[in-house]
Structure formats: structure tokens, C-alpha cells
1. In nanometres, what is the gap between the two model label sites at residue 129 and residue 47, each 7 Å from Cα along Cα-to-Cβ?
2. Using Cβ counts within 10 Å as a stand-in for footprinting exposure, how do 106, 228 rank, fewest first?
3. Any idea how far apart residue 16 and residue 137 come out in nm if each label point goes 7 Å out from Cα toward Cβ?
4. Once amide H atoms are placed 1.01 Å from N in the peptide plane, what residues at a sequence separation of 5 or more from residue 125, or on another chain, have their amide H within under 5 Å of its amide H?
5. Based only on other Cβ atoms within 10 Å, what is the fewest-to-most ordering of 67, 20?
6. Which pairs in the list 89/167; 17/223; 201/223; 89/223 are over 23 Å apart, alpha-carbon to alpha-carbon?
7. How would you rank 200, 239, 113, going from fewest to most other Cβ atoms within 10 Å of each one's own Cβ?
8. How many nm is it between the label spots at residue 203 and residue 83, if each spot is 7 Å from the Cα in line with the beta carbon?
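A short reminder: the numbers here are calculations on the coordinates, not readings from a lab. All values reported here derive from a predicted model rather than from experimental measurement. With ideal geometry, Cβ positions are generated from the backbone for all residues, glycine too; neighbour counts draw on all protein chains shown.
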Amino acid sequence: MHRKRKLIHDTQVPVQKLVLGPLPIDCFTSRGIPFTTNRLRQESLQNAVTNIEDLQVKVQQLRMLALGLPVVNSIGLFFGSMCNLRSLKLTGDTETTLFPRTKLSMTFCRIVWPHLETFRLSGIRANEIELLPFLFKHSITFRRLHLSNNAISFPDSSHKDILTILKDQLELQNLEYLVEDRLERPRDEDLHRPIYDIDWKLTQSSGSSIPNAKLLEMYVQGKSLWPMADDSPNDYMGWVRLPVEELIVGLVDASSIDIGTLLEDEWDSDSYYSYYGSSMSVGGMSDFDDWVEETEYN
């Protein structure tokens, strides 16, 4: 660990990308003493990271919960010194790492990076009370957001509530929202696939279905009305989207989507209701079969 610390201190080439997997807690202490007690060592480490633009960190849940305040402050100073940071990626070391209101989470969410454009959060169940203000503090520069694997905890809010807040407070160019906890395997995997790769380039798909993530992105971008039948995913099969007719009516800006492809995808949307029963609420109507009969009659 001393060699890692020395490498950071002695490097002469500006570091622009830093991948910490996992977060090396021991680097921020020396025999149990936080490095903030050593002014020269602290300044040397901070100067070494000022040019970092891309930071990727894996968080270890158990070690994070046990951190003391001095070490947390050291970590906060270290991250806060990355004044040129443009891209931040945080992932958990388990399928869902809890990120409760710990000293580390509160310290981290106080940091402001003046150039932050991209944020990826995956497998860390962050608290909306801290995460949303953190995002809003960066609204001037913030353009791309990825949330996946239960990345946010909102016991008092629905998914629609959170996405509506993002829609109203941020001007996102790209959003990939894959926060969906379901008990059953989806009938059409293509509907639940990611829409971007790690470099924010559109992914290719063998099918013609428009993914749910794309519909949610369009909603946050103000290009469509709410595209789903409910405010949150169903516990068993995830998102249930509105029938195609209602999706098309709700389009505010159709320039970024192929209407023909959406029409071809009609069976995917309606199959959810026919497969799981007609008792679901669709567009405020309690019986989907009655709605279909009325539509065909008119």
C-alpha cells in the first residue's frame, strides 16, 4: 500500500483517469493516523490528482460503514481536489450496496466539481435526500446520467416522482435509467436492455423493440408524456408501458424516435396486459378488455 501511495506522490505525468477498485481506505491513513494530519503529504496527494477528469470507484459496503470521521474527511479532501473532474462512476461491491446516511455519503455529497458532466451510479442504493441535491448542484454542467441496479432509494416517492424532478431540474442530453427490481424474468429482454455503452454510444439490438430506458429518457428530456401505465415498475415483471396508441399521442417531440418502429412494437406493449390479466389500470381505465372493444368499435 505504501508503494501505491508513493507512486501517486512521485508521478511526474499528470494523471487524467483514476480507477479505484475497490476504494483503498488504507491509503488515507498511516498506522491508523489520517493523512490530513500530515500537511505536506496531504498537499502532495491533492496536487497529484488536480488533473484527473475520469474517476471510477468501487465502494466496499462493510468498510464504508466502519469509517471514522477523520478518515472520511481525508477521503473528502482527496476527491474534492479533483477540480477538473468531468466523469464520475460509482459502483457497489455487491449486487446492491447500501449507501445510507453515513459520514462518507454525507461528505461525498457536499463536494462540488465545477466541470462534472457525467455521473454513473450502479449497485449503490443512495438516499434521494442526498443524491438529488448533489445532482442539482451540478446542473449547469451536468449532461449525462446513468442509474442502474437499484441505484437510488426513495421510500416516500415513486419512480415517476424522481424522474419528474430530474426532468424539471436538469437539462440532460442522455439518461439511462435501469432502476428496476422485478421478481420474474421479463418476457422480452430487449425491452429492458441498456441503450448506451460505457462511452455513451447507442447500443445495437437484434430486435425492433424500443427499450423502456429510451421511453423514460424521452420523458425526462421533455419529448413525451409519461410513457408507463403506473408510476413505478411492477414487482413481478418490471415496467408496463402504455398501449402504443397512447404513447404516440403523448409524443411531444417525435424527431428522436421512429414512429414506424413504435407501431411495429405494438404487440410487445399490449402483450403485458393480455398475459398478466386485464385487472391492471391502463391510462386510468380499470379494464383493458373494455378499452380494446371500445377502440375497435369506434
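1. For the pair residue 129/residue 47, the computed spacing is 4.1 nm.
2. Lowest count first: 106, 228.
3. Reported label-point gap for residue 16 and residue 137 is 2.7 nm.
4. 97, 98, 99
5. The order, fewest Cβ neighbours first, is 20, 67.
6. Where the Cα-Cα span goes over 23 Å, the pairs concerned are 17/223; 89/223.
7. Ordered from fewest to most neighbouring Cβ atoms within 10 Å, 200, 239, 113 come out as 200, 113, 239.
8. 3.8
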